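Below is one structure, written out as structure tokens; comments come after it.
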Amino acid sequence: MLDHLSYKTPEPKVIAGAKADWELVIGMEVHAQVSSNAKLFSGASTGFGAEPNSHVAFVDAAMPGMLPVINEFCIAQAVKTGLGLKAAINLRSAFDRKNYFYPDLPQGYQISQLYHPIVGEGEILVDMGPGVARKVRIERIHLEQDAGKSIHDMDPTMSFVDLNRTGVALMEIVSRPDIRGPEEAAAYVVKLRQILRYLGTCDGNMQNGNLRCDVNVSVCRPGQYEKYQETQDFSHLGTRCELKNMNSMRFIQAAIDYEARRQIAILEDGGVVVQETRLYDPDKNETRSMRSKEEAHDYRYFPCPDLLPLEIEQGWVDGIAAAMPELPDEKKARFVDALGLSEYDASVLTAEVENADYFEAVVAVCDDGKLAANWVINELFGRLKKDGAEIDASPMSPAQLGGIITLIKSGDISGKIAKDLFEIVYTEGGDPAEIVTARGMKQVTDLGAIEAAVDKIIAESPAEVEKAKANPKLVGWFVGQVIKASGGKANPAAVKEIVAQKLGI
Amino acid sequence: MSIDIDTARKVAHLARIAVAEENLPKLAQDLSGILTFMEQLNEVDVEGVEPMTSVTPMRLKRREDVVTDGGYAEKILKNAPDAREGFFAVPKVVE
């Protein structure tokens, strides 16, 4: 589908150290909460913001003797995500226990898929501006349980634990180390989030923690990364550190930038980077070691004895594939190819699936992609922004905006009147065509009326007539006068023709 | 493979099982015995044999994506040593 849009690979980010130039190598692990009604292994609700511990089944609380039963829809969502990332679907996968102790993990282990994930290798095309994109390989996606939430600030000596999130399904989406700078890392998350939202497999709400990122960062000298890509041998790359749990694009970039400079300073000092987990502190803009995590890293994985291997049928996967929605890259290519939009406008309109849907609904009414793009991007988005509103809350429906554009196309209203009409429909509502009729906003194409107006202006302005005869460019002054006299309703093309004809130029 | 006393202590700690120092040598010895038996099993050639996950041909049971459970916070918290305002209350844990 991307044949029509060809992309150039971006240059890697180079950081100049005190002694030499360095490049970054970044791999991402994104935890995306699966959109579902019930949890991965229990019938408790996944709803956000409920009373503490009210969305908890005995399974989630790890009461003795309770057994997990997998939610089939969560499996389908993971498969759909895999298909959306052009990834291999593993018809046979299995669940393992990842053992560690923490108050918000009552089982004492997380059910995950270490050895046999449900989704294998795929790819994401990360847009870095018109005509530039990085292809990032996906290593795997596996299904696992989310943990609960600890609240530390309600009591001076106690932490409070809410298990509502415990057991909600997560997809861990793991990339290869193909990302080459902080901006690319943020763009990767933007693109992944966009795809997940198009698929409807994760709502991408980063504020609520429904999409969280761990970032693996290392640095190397120029040329080393190319050797790694040739051989897939990690020994050509530097030692990596893992930055935990970031949930904003800004923090991701700042944390990577800080961490790369920290590693470069160590290496240029003749030191050694230690592989470890680090936490980014946005207040101090620094990363620091999470020593407590190191011992806990001994997870003693083993196959979960409560769950049989997960076997799915190719026919079932094919059914999900057949019902896939159009994805951002395909939609963007179609907007460019079939509707004649610029790549930039197509990117803007496809960034959020709701915007793309709105735009397409407008086109369905007015049948003009370029005009619709102009009006949606310049007028509607601008107006919504002024109100601080999202497209979902737009007081103007696609049918109304399409109606306005249809009136422009048919010549019923001028571009200037259209903007007035837009404001009326936006603030007061109503059918654009009816408003135009009721309020006399129709562009005058009645040649008789225009002729009369032209005659009047010509009769009143003998001096200008002489000037215009000498200099035909001044015909514009007459056109302006006539349109002004008509209250903006006279059709400019018709006026111009009649003026030229009357003046004999 | 043999398990030394330090490894036994570490494994016990990771599993949050309290083992008295004087019991560690015996535990290490028992664990070593189990691993030795495993090593013996490993001598069997299972090349090309699919691992058996169930004695009867069963398919992993699935549930529908419907909310059928929850809504009983008081039961969930009933056995907690300490609970306040609907939360489990535990000694402070902060990174």
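The values are calculated or read from the model by the stated rules, or taken from the named source; none is laboratory data. Nothing here was measured: the structure is a model prediction, and the numbers come from that model. Here Cβ is always computed from backbone atoms with ideal geometry, including for glycine, and neighbour counts include all displayed protein chains.
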(message) For the condition assigned to a strand (DSSP E or B), of a type outside the set (Phe, Trp, Tyr), away from chain B (no Cβ under 14 Å) and under 26 Å from residue A:41 (Cα atoms), what is the one hit in A:173, A:195?
(response) A:173
(request) Within the stretch A:355-373, work out how many residues are closer than 13 Å to residue A:340 by Cα and among the acidic types (Asp, Glu). (result) 2
(request) Looking only at the stretch A:140-153, decide whether some residue is assigned to a loop (DSSP other than H, G, I, E, B), out of contact with any Asp or Glu (no Cβ under 8 Å at 6 or more places or on another chain) and within 14 Å of chain B (Cβ to nearest Cβ). (result) yes
(request) Starting from the stretch A:95-114, keep only residues that are more than 11 Å from chain B (Cβ to nearest Cβ), then list their pairs with residues that are part of a loop (DSSP other than H, G, I, E, B) and basic (Lys, Arg) whose Cβ atoms are within a distance under 9 Å, requiring at least 6 positions of separation or different chains. (result) A:97/A:300; A:98/A:300
(message) Only one of A:180, A:165, A:176, A:134 is assigned by TED's automatic domain parsing to the domain that holds residue A:252, closer than 30 Å to residue B:51 by Cβ and in contact (Cβ under 8 Å) with a residue 12 or more places away in the chain. Can you tell me which?
(response) A:176
(message) If I filter the stretch B:37-51 for residues that are farther than 18 Å from residue A:300 by Cα, without any contact (Cβ under 8 Å) to a residue 40 or more places away in the chain and either in contact with a helix residue (DSSP H, G or I) (Cβ under 6 Å, 6 or more places away or on another chain) or surrounded by 11 or more Cβ atoms within 10 Å (Cβ to Cβ) (or both), do I get at least one hit?
(response) no
(request) Assess whether residue A:169 counts as being within 20 Å of residue A:71 (Cα to Cα) and surrounded by fewer than 24 Cβ atoms within 10 Å (Cβ to Cβ). (result) no
(request) State all residues of the stretch A:455-469 that are surrounded by 10 or more Cβ atoms within 10 Å (Cβ to Cβ) and among the hydrophobic types (A, V, I, L, M, F, W, C); if no residue qualifies, say none. (result) A:457, A:458, A:465, A:468
(request) Considering only residues that are within 7 Å of chain A (Cβ to nearest Cβ) and loosely packed, with under 14 Cβ neighbours inside 10 Å, look in the stretch B:54-83 and name the one that is nearest to residue A:69 (Cα to Cα). (result) B:61
(request) Look through A:354, A:295 and report the one residue that is part of a helix (DSSP H, G or I), at pLDDT below 95 and within 14 Å of another protein chain (Cβ to nearest Cβ). (result) A:295
(message) I'm checking my understanding of the structure. Among residues of the stretch A:101-124 that are buried (at least 19 other Cβ atoms within 10 Å of the Cβ) and among the hydroxyl-bearing types (Ser, Thr, Tyr), which one is farthest from residue A:135 (Cα to Cα)?
(response) A:109
(request) Pairs only if they're at least six apart or on different chains, beta carbon under 9 angstrom, first in the stretch A:287-303 and farther than 22 Å from residue A:112 by Cα, second modelled with pLDDT under 80 and assigned to a loop (DSSP other than H, G, I, E, B); list them, first residue then second. (result) A:290/B:95
(request) Could you list, in sequence order, all residues of the stretch A:48-64 that are at the interface with chain B (Cβ under 7 Å from one of its Cβ atoms) and small (Gly, Ala, Ser)? (result) A:54, A:57, A:61
(message) For the stretch A:300-319, check the following and say yes or no: at least one residue is in a helix (DSSP H, G or I), among the acidic types (Asp, Glu) and in contact with a helix residue (DSSP H, G or I) (Cβ under 9 Å, 6 or more places away or on another chain).
(response) no
(message) Considering only the stretch A:206-221, I want to know if a residue exists there that is within 17 Å of the chain's Cα centre (by Cα), loosely packed, with under 15 Cβ neighbours inside 10 Å and in the same structural domain as residue A:54 (by TED's automatic domain parsing).
(response) yes
